[in-house]
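Working notes, beginning with the structure itself.
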C-alpha cells in the first residue's frame with residue numbers, strides 16, 4: 001500500500017512539473033506581434049492609431065509591450081489555446097486573458113464603470 005501511494009505521489013508530482021513547464025511559455029507563441037485591431041463596445045479604432053502598439057512574447061514567460069515611446073514589461077502563461085498576460089505599471093498589475101489561434105492573439109476584457117459596461121477587444125498578429 002505504501003509503495004502504491006508513493007508511486008501515485010511521484011506520478012502526480014511529475015505531471016504537475018510537466019504542466020508547469022508547458023504553461024510558462026516557450027512554445028510557438030514566442031515572437032513579436034503587432035496590433036491589428038482594437039475595438040471598444042464594437043466600435044473599431046482606426047488602424048493608424050495602433051501602428052506603434054507591439055507585444056513581444058519571450059522565452060521563459062516574459063513579455064514586453066511597446067507603444068509609441070513607452071514600454072511595459074510583464075509575464076505570460078499559455079495553456080493550450082489560452083493565454084494570460086500580466087503587465088505592471090505604476091505599481092498596479094493589469095491581467096488580460098485571451099486566445100491564441102495560429103499567429104493571432106485576441107484579448108477581450110469586460111468591465112463595469114461609471115460610463116456603463118465596457119468591452120474592449122485587442123487583436124495582435126505575429127508577422
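The values are calculated or read from the model by the stated rules, or taken from the named source; none is laboratory data. Worth saying up front: this structure is predicted, and the values here are computed from it rather than measured. Neighbour counts are summed over all protein chains in view; Cβ atoms, including those assigned to glycine, are modelled from backbone coordinates with ideal geometry.
As a summary of the residue check, residue 75 satisfies the conditions (1) closer than 19 Å to residue 50 by Cβ; (2) surrounded by 14 or more Cβ atoms within 10 Å (Cβ to Cβ) except for the one numbered (1).
I'd like the residue in the range 87-106 that is surrounded by 14 or more Cβ atoms within 10 Å (Cβ to Cβ) and at pLDDT 95 or above and, out of all such residues, is farthest from residue 43 (Cα to Cα). Residue satisfying both the conditions and the ranking: 100. Go through (1) at pLDDT 85 or above; (2) farther than 13 Å from residue 124 by Cα; (3) surrounded by 14 or more Cβ atoms within 10 Å (Cβ to Cβ) one by one and return the number of the condition residue 65 breaks. Exception for residue 65: condition (2).
For beta carbons closer than 6 Å, sequence separation of 6+ or different chains, a first residue in the range 99-127 that is over 14 Å from residue 31 (Cβ atoms) and a second that is assigned to a loop (DSSP other than H, G, I, E, B), the qualifying pairs are 99/81; 119/41.
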